[in-house]
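Peer 1: The structure under discussion is supplied below as structure tokens; questions concerning it will follow.
The values are calculated or read from the model by the stated rules, or taken from the named source; none is laboratory data. None of these values were measured; they are calculated from a predicted model. When we count neighbours, we look across all protein chains shown, and the Cβ atoms used for this are built from the backbone with ideal geometry, even at glycine. Just so you know, the surface numbers come from the protein's heavy atoms only, side chains and all, with ligands and any DNA or RNA stripped out. Shrake-Rupley method; radii C 1.70, N 1.55, O 1.52, S 1.80 Å.
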Amino acid sequence: RAAELFIEHLQPNAVVGVIVDRTAESMVRRAQGFQQRAEQYPLDLVEIYCDLTDLVQGKNYIVSGIKSNPELKGLFLTNEGVTTAYLQARHEGLLPSNDLVVVGFDDTPMAEEAIRNGELLGAIFQHPEEIGKQAFHYLYKLIKNELRVEEVDERTIYIPTVKVTKETLQS
């Protein structure tokens, strides 16, 4: 869904940075899905590493990545942490002044405000009620002893997402 937003606003072969912490499986999967769709357009992708263990350090990685890649036309922020770090760096005046098309991830008040005021072109939001429903489903089974912790498989549960822009926030 993020690639669709970029495709609507960038020329073919535009360079888009993808902020990824390779230790976070969800970010890696989002980056892979983004890459698959972006290749069809095509967009040229640059992976920018970001360590999310510390917000200040995360901002430094993002600022450094943007400054090191002046050819960037867009930036995909693959989770709430990097979206927050990017917006804080922007508000603190740490980013070079450029007209990057930026798409965030996750629904937070800060992301919604950034979409409304044009700091983000849009964002991909997961449905928080579905996340809660899935978590409650397994917790309930554990509480009722219908399931034991050692029986719970480690697996990925895919939660539907929605593409959000200034226009869809207004409605």
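Peer 1: Name the residue that is nearest to the chain's Cα centre (by Cα), counting only residues in segment 68-89 that are open to solvent by 60 Å² or more (accessible area, probe 1.4 Å) and more than 15 Å from Cys50 (Cβ to Cβ). Steps first, please.
Peer 2: Filtering segment 68-89 down to residues open to solvent by 60 Å² or more (accessible area, probe 1.4 Å) leaves 68, 70-71, 73, 80.
Among the residues that remain, those that are also more than 15 Å from Cys50 (Cβ to Cβ) are: 70-71, 73.
Numbers: Pro70: 21, Glu71: 21, Lys73: 17 Å.
It comes out as Lys73.
Peer 1: I would also like to ask the following. Go through segment 123-147 residue by residue and tally those that are open to solvent by less than 90 Å² (accessible area, probe 1.4 Å) and at pLDDT 80 or above.
Peer 2: The qualifying residues number 2.
Peer 1: Counting only residues that are more than 18 Å from the chain's Cα centre (by Cα) and closer than 20 Å to Lys166 by Cα, which one in segment 90-116 is least open to solvent (accessible area, probe 1.4 Å)? I'd like the intermediate steps shown before the answer.
Peer 2: The initial filter retains those residues of segment 90-116 that are more than 18 Å from the chain's Cα centre (by Cα), namely 91-99.
Filter once more, keeping what is closer than 20 Å to Lys166 by Cα: 91, 99.
Working: His91: 109, Asp99: 148 Å².
Once the filter is applied, the top-ranked residue is His91.
Peer 1: Hey, another quick one. Would you call Leu120 open to solvent by less than 30 Å² (accessible area, probe 1.4 Å) and in a loop (DSSP other than H, G, I, E, B)? Outline the logic, then answer.
Peer 2: Details: open to solvent by less than 30 Å² (accessible area, probe 1.4 Å): yes; in a loop (DSSP other than H, G, I, E, B): yes.
When the stated conditions are applied, Leu120 passes them.
Peer 1: Does Leu52 meet the test of being under 23 Å from Pro12 (Cα atoms), of a type outside the set (S, T, N, Q) and buried (at least 17 other Cβ atoms within 10 Å of the Cβ)?
Peer 2: Numbers: under 23 Å from Pro12 (Cα atoms): no; of a type outside the set (S, T, N, Q): yes; buried (at least 17 other Cβ atoms within 10 Å of the Cβ): yes.
No; evaluated as a whole, the condition is false for this residue.
Peer 1: Next question, about the same structure. For segment 24-49, give me each residue that is crowded, with 19+ Cβ neighbours inside 10 Å and among the charged types (D, E, K, R).
Peer 2: Result: Arg30, single match.
Peer 1: Moving on to the next point. Just the residues that are among the hydroxyl-bearing types (Ser, Thr, Tyr) and under 18 Å from Val162 (Cα atoms), please, taken from segment 1-41.
Peer 2: Going through segment 1-41, the residues among the hydroxyl-bearing types (Ser, Thr, Tyr) turn out to be 23, 26, 41.
Selection gives Ser26 alone.
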